[in-house]
Amino acid sequence: MSEDIQLSTVLEAILFSAGRSLSVEELMEQTNRTKSEVSGALDNLRSTIRRRRDSALQLTEVSGRWIFEVRPALSEHLPEALRPDVPQRLLPAAALIAYHQPMRQAQLVDMLGQRAYDHVRELAQLGFVDRRRDGLSRRLTTTRRFAEYFGCPEVEYRAVREWFRAEASKAGLTSAQLAASLSDEQMTIEEFTDKPNEQAIELELAKNDEE
């Protein structure tokens with residue numbers, strides 16, 4: 001990397017070109033810089049973008065991953081075809097998380113099976129779900145980007161949960177029925193229980209170790 005080009009400028013180019021969220025570790029690999037250097041440059045870049053007048057973009061960190069996205073105030077001005085699309089296979093997981101949040105990942109595995117791990121990972125990469133370590137599992141909540149995408153008038157995850165539950169209630173659907181209706185395949189979804197089964201916890205531990 002040329003010393004004449006600031007690291008923050010290089011990171012801006014990488015993130016803009018990637019078109020998806022990237023972790024600090026991925027950015028370290030692409031720039032051959034240390035974690036402290038990359039983290040510091042990202043903070044500087046975010047501050048710089050915030051100071052730009054009439055900027056259409058903002059730099060956002062979600063679950064430890066960084067992404068460029070259109071400022072919320074401009075979202076409604078974008079044509080439908082240009083708005084980010086969530087693969088339909090991810091919608092059941094997204095709906096269940098929104099309905100039950102804060103939700104343990106092991107609970108989602110109980111309801112959807114092992115596919116839940118991949119779906120949560122993809123939703124986090126898209127910036128729609130925040131997944132944080134919580135004991136032996138992960139604590140799942142929706143993000144501001146999730147609320148904006150699904151047209152929820154609220155942003156804070158508890159308010160999003162109440163809005164989602166109200167919408168499901170209007171349609172006369174339980175959370176499992178709502179999630180199943182959004183699936184692109186026929187599937188049976190177990191209703192939410194307070195205690196995840198032991199197998200789900202064991203799988204959770206294994207997945208956490210892999211990540």
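The values are calculated or read from the model by the stated rules, or taken from the named source; none is laboratory data. As the structure is a computational prediction, the values presented were derived from the model and not from experiment. FYI the Cβ positions are ideal-geometry reconstructions off the backbone, even for glycines, and counts take in every protein chain you see.
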**OP:** Please state which of the following conditions LYS35 fails to meet, knowing it meets all the rest: (1) within 27 Å of ARG161 (Cβ to Cβ); (2) surrounded by fewer than 16 Cβ atoms within 10 Å (Cβ to Cβ); (3) modelled with pLDDT of 90 or more.
**Re:** (1)
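Rundown of residues vs (1) touching a Cys at 6+ places or on another chain (Cβ under 9 Å); (2) modelled with pLDDT of 70 or more; (3) closer than 18 Å to VAL10 by Cβ; (4) surrounded by 14 or more Cβ atoms within 10 Å (Cβ to Cβ), yes/no style:
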site	(1), (2), (3), (4)
LEU45	no, yes, yes, yes
THR48	no, yes, yes, yes
ASP54	no, yes, no, no
PHE68	no, yes, yes, yes
ALA73	no, no, no, no
ARG83	no, no, no, no
Subject >> region 134-153, subset in contact with a helix residue (DSSP H, G or I) (Cβ under 7 Å, 6 or more places away or on another chain) and assigned to a strand (DSSP E or B), residue farthest from LEU108 (Cα to Cα) >> reply: THR142
Original post:
Name the residues in region 40-70 that are under 15 Å from the mean Cα position of the chain (by Cα) and over 23 Å from LEU140 (Cβ atoms), would you?
Top reply: LEU59, PHE68
**OP:** State which residue is surrounded by the fewest Cβ atoms within 10 Å (Cβ to Cβ) when the search covers only region 131-149 and only residues that are of a type in the set (Val, Ile, Thr) and at pLDDT 90 or above.
**Re:** THR141
**OP:** Any chance you could count how many residues in region 150-167 are modelled with pLDDT under 85 and either in contact with a Pro (Cβ under 7 Å, 6 or more places away or on another chain) or among the hydrophobic types (A, V, I, L, M, F, W, C) (or both)?
**Re:** 3
**OP:** Look at region 4-27 and say how many of its residues are aliphatic (A, V, I, L, M), over 22 Å from LEU123 (Cα atoms) and within 21 Å of the chain's Cα centre (by Cα).
**Re:** 1
**OP:** Could you give me the residue pairs with C-beta distances under 7 Å whose first residue belongs to region 159-171 and is farther than 13 Å from PRO102 by Cα, whose second residue is of a type in the set (A, V, I, L, M) and modelled with pLDDT under 90 wherever it lies, and which are 6+ apart or on separate chains?
**Re:** ALA168/LEU178
